[in-house]
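Right, I'll just put the structure down here and ask away after.
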Amino acid sequence: MQTPDKILKEQFGYHSFRPLQREIIEHVISGQDALVIMPTGGGKSICFQIPALMKEHVTLVISPLISLMKDQVDTLTANGVNAAYYNSSISEYEKANIIESAFNGQLKLLYISPESLVVAFQSWLRKLTISLLVIDEAHCVSMWGHDFRPEYAQIDQIRNYYAHVPAMAVTATADKVTRKDISARLGLKNPQTFLASFARPNLSLAVRAQVTKSKKESEIIRFIQSRPGASGIYYCLSRKETESWSALFNAAGINSKFYHAGMSSSDRDTVQDAFIKDDVQVICATIAFGMGIDKSNVRWIIHNNLPKNIEGYYQEIGRAGRDGLPADTVLYYNYRDVVLLKDFVEDSDFKEVYHEKIKRMLHYAEASSCRRNIILSYFGEASHEPCGNCDNCLSPAPSIDATVIAQKALSAVSRCAESVGINLLIGVLRGAKTADVFERKLDKIKTYGAGKEFSFNAWQYYLNQLVNLGYLEIAYDDHMNLKLTPVSELVLKHGGKVEMAEFTEKELKTASSKPEHHKQEVDLGLLEELKNWRREKAKASGVPAYVILHDATLQELAARRPHSLSVLSEISGMGKVKVDRLGDEIIGITSKYPEGDAPSTPQQRIEKKSTYEMTLELYKQGLNAEQIAKVRNVSTETILGHFAKLYENGESIDLNKYVTEFEVNRVKEVRRKLNQTMHLKPIYDELGGEVDYRKIGLALSILSKQN
Ligand code: ADP
Ligand code: ZN
């Protein structure tokens, strides 16, 4: 029997497994059940595709998304694997062919939709011997997931019938309740749960709050124009918006189409197909778009509105950068979005749960700390190192004494009898002469015009923080009016001090829009030539371009410029079958250019190595964390994160300057009590705030090194 490593290299052309893939494959091969939770783009498919190739009989993959099935089968076929899909989209003739190849033992993987499964099961399917049962998008079986599908409820019968066959449930939804529910509903037997890290370091994260329509339009158009030809998705809440944004983009010379549930299914297929084939650059869509496609080179995703929960949002942005190359995500939101979202779920039985989820989403949007860490902690993952690839890490705002600002704002809210929303309050503070103000006689109150020194945007920024910090509340059930809270009193009556991040006129900034991320050793002329060749190839064989070769593979080709098949086969994504089928043509192109010697893969290149190295260099020159932070124009916290990482990597960094031995020992004691957890929050709570988060993080680095 071939080993998993050999199959990975020869069939898929990859050099090494990603985290957990090997463990999962070995577990499944040994005949046990598994529940696999990995973020979108994490590499779930290989976890069952490799066992499928190692097992004697066919592997049955239940998958709800017809286009995704086609995509996976195309990709497998391009790699020389015998796979097929069976659903309502294929003819009876094709069905007969598939059934035949399933029974004569040629077929290794059979993808089937839950609807077709039930029908097929009543006739031919029950006679087929299968080796492995895979349930993809397994969260669809649970009411607690965010995408329940009634057809999935029937899978348990099929599972019972194949009780002796190992089963594997696969999902990108990490929610704990859903996880448990999946195992129960699918009748998994003592399944081992494999929970992969949800970190996707190649995705940059940015949020833009309350941007005016015209600013937003010009900002987004500039964003897209600065990424010529880069595929992107613009998500909107309403159908009408998808249409108007698409029209706007086209008017700006950006090739765009819209996509929503109000269109006929053939129109939708056409749009999706054009996007997959890189014939359309930008799709403006409601969130249903993208679910069923595996397009690996989506370079950016923008949300026009606040999503309804973090898991959905993370799945949506996860559709970008599946090839591991940098991709950008931006979320625009408005307070009105919250009202809309709440209206949507008004009649639901799970209203409370949904409201809580919206609240968490809003926390994310309003945060001023590292956004990736917020997401990771939502999924129960501890991460104490700033990611360096979100807007908050990239341009942390300096903090200032904002007591006077807070006093003005809170007293204005109080004098307006807590019955004005943000915009009107800002009008009052800035002494606006508007009808609203005069009608309600707000120009007569004492704080009218008390905040003239700040712009509208500045006030918005500060009020937003006051809400975040708990000094103000937005009454979503009372016309979005601002309300005081118990802590407001501290400021208004007891002279409490308030610190806030200083307002600066921010522009949309994402990591990969900075040039150094694009600086790679690739020959751009060659890359262009390879892309054109790939497009022709894809057209001729009727598959998406990324099925022929991934963007990451093209980039590596353009960097290494191989002159021989043996060098070619070292490139990630060049499996045996692809080298055989495409090798000569590729070499024909690349050998026109001088051979390069770039052993690092694009994956390695985007690892933030250089940033650590820069910090280390300055440290060696004798600078402390604060000084390095100044020099590098990042927060001290970021630098301490670098220190921790460098320390864990064995560099001699003196962390005891930032956390005392006593504090480390306290953390150590508490961890012992908490089963050696690596999570910050429980430790912090157990210590009752005695040691701050940053120090706990450093202590964990020290302790992990001691072990
Ligand atoms: P998902 O978890 O969303 O189903 P996929 O299985 O589609 O993710 O994998 C995402 C991308 O990563 C695919 O293009 C896949 O070929 C690639 N991939 C998966 N495993 C590896 C690996 N070990 N090395 C390199 N690329 C990989
Ligand atoms: Zn960050």
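The values are calculated or read from the model by the stated rules, or taken from the named source; none is laboratory data. The structure presented is a predicted model; accordingly, all values stated were derived computationally and were not measured. Cβ sites come from the backbone with ideal geometry, for glycine too, and all protein chains shown count toward neighbours. When the accessible area is computed, the model is the full protein with side chains, heavy atoms only, and any ligands, DNA or RNA have been set aside. Shrake-Rupley method; radii C 1.70, N 1.55, O 1.52, S 1.80 Å.
Any idea which of K441, K446 is out of contact with any helix residue (DSSP H, G or I) (no Cβ under 9 Å at 6 or more places or on another chain) and open to solvent by 50 Å² or more (accessible area, probe 1.4 Å)?
The unique qualifying residue is K441.
Here is a further query. Hey, which of the helices (runs of 4 or more DSSP H) in region 623-707, taking only ones fully inside, have at least 1 residues that are under 30 Å from D391 (Cβ atoms)?
Because the criterion is at least 1 residues that are under 30 Å from D391 (Cβ atoms), the helices (runs of 4 or more DSSP H) in region 623-707 that meet it are 625-632, 636-648, 680-686, 693-706.
I need the full set of residues from region 328-377 which are more than 14 Å from ligand 2 (Cβ to nearest atom), assigned to a helix (DSSP H, G or I) and among the charged types (D, E, K, R), in order please.
If the condition is that a residue be more than 14 Å from ligand 2 (Cβ to nearest atom), assigned to a helix (DSSP H, G or I) and among the charged types (D, E, K, R), then R336, D337, K342, D343, K351, E352, E356, K357, K359, R360, E366 are the ones that fit.
Can you report the number of residues in region 44-71 which are within 14 Å of ligand 1 (Cβ to nearest atom) and at pLDDT below 90?
Of the residues in region 44-71, 7 are within 14 Å of ligand 1 (Cβ to nearest atom) and at pLDDT below 90.
Determine the pairs where a residue that is within 20 Å of A169 (Cβ to Cβ), located within region 1-28, has a partner that is within 16 Å of ligand 2 (Cβ to nearest atom) and not in a helix (DSSP H, G or I) with Cβ atoms under 8 Å apart, the partner being 6 or more residues away or on another chain.
P19/S197
Another question, then. Assess whether K308 counts as being open to solvent by 20 Å² or more (accessible area, probe 1.4 Å) and in contact (Cβ under 8 Å) with a residue 24 or more places away in the chain.
Here the answer is yes, as K308 does meet what is asked.
Of the residues Q407, Q460, which is open to solvent by less than 40 Å² (accessible area, probe 1.4 Å), in contact with a helix residue (DSSP H, G or I) (Cβ under 8 Å, 6 or more places away or on another chain), more than 16 Å from ligand 2 (Cβ to nearest atom) and of a type in the set (S, T, N, Q)?
Q460
Which residues, counting only those in region 519-566, are hydroxyl-bearing (S, T, Y) and either surrounded by 15 or more Cβ atoms within 10 Å (Cβ to Cβ) or within 30 Å of the chain's Cα centre (by Cα) (or both)?
Across region 519-566, the qualifying residues are Y546, T553.
Given the conditions (1) surrounded by fewer than 21 Cβ atoms within 10 Å (Cβ to Cβ); (2) not in a loop (DSSP other than H, G, I, E, B); (3) not small (G, A, S), and given that F275 satisfies all but one, which numbered condition is not satisfied?
Tallying (1) surrounded by fewer than 21 Cβ atoms within 10 Å (Cβ to Cβ); (2) not in a loop (DSSP other than H, G, I, E, B); (3) not small (G, A, S), F275 fails exactly one: (1).
For region 676-691, which residues satisfy the criterion of being open to solvent by 70 Å² or more (accessible area, probe 1.4 Å) and in contact with a helix residue (DSSP H, G or I) (Cβ under 8 Å, 6 or more places away or on another chain)?
M678, K681, E686, E690
Further question: I'd like the full set of residues that are in a helix (DSSP H, G or I), charged (D, E, K, R) and either closer than 14 Å to H303 by Cβ or touching a residue at least 24 places away in the same chain (Cβ under 8 Å) (or both), limited to region 223-240.
Selection gives R239 alone.
Table: residues versus (1) open to solvent by 30 Å² or more (accessible area, probe 1.4 Å); (2) touching a helix residue (DSSP H, G or I) at 6+ places or on another chain (Cβ under 9 Å); (3) within 16 Å of ligand 2 (Cβ to nearest atom); (4) outside any loop (DSSP other than H, G, I, E, B).
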position: Q11; (1), (2), (3), (4): yes, yes, no, yes
position: F17; (1), (2), (3), (4): yes, yes, no, no
position: I25; (1), (2), (3), (4): no, yes, no, yes
position: G31; (1), (2), (3), (4): yes, no, no, no
position: E56; (1), (2), (3), (4): yes, no, no, no
position: L60; (1), (2), (3), (4): no, yes, no, yes
position: P64; (1), (2), (3), (4): no, yes, no, no
position: M69; (1), (2), (3), (4): no, no, no, yes
position: Y85; (1), (2), (3), (4): yes, yes, no, yes
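Can you name the number of the only condition in (1) of a type in the set (A, V, I, L, M); (2) within 21 Å of K257 (Cβ to Cβ); (3) open to solvent by less than 20 Å² (accessible area, probe 1.4 Å) that I287 fails?
(3)
Continuing with this model, one more query. Considering only residues of region 646-696 that are under 30 Å from the mean Cα position of the chain (by Cα) and charged (D, E, K, R), which is modelled with the lowest pLDDT?
Top of the filtered list is K681.
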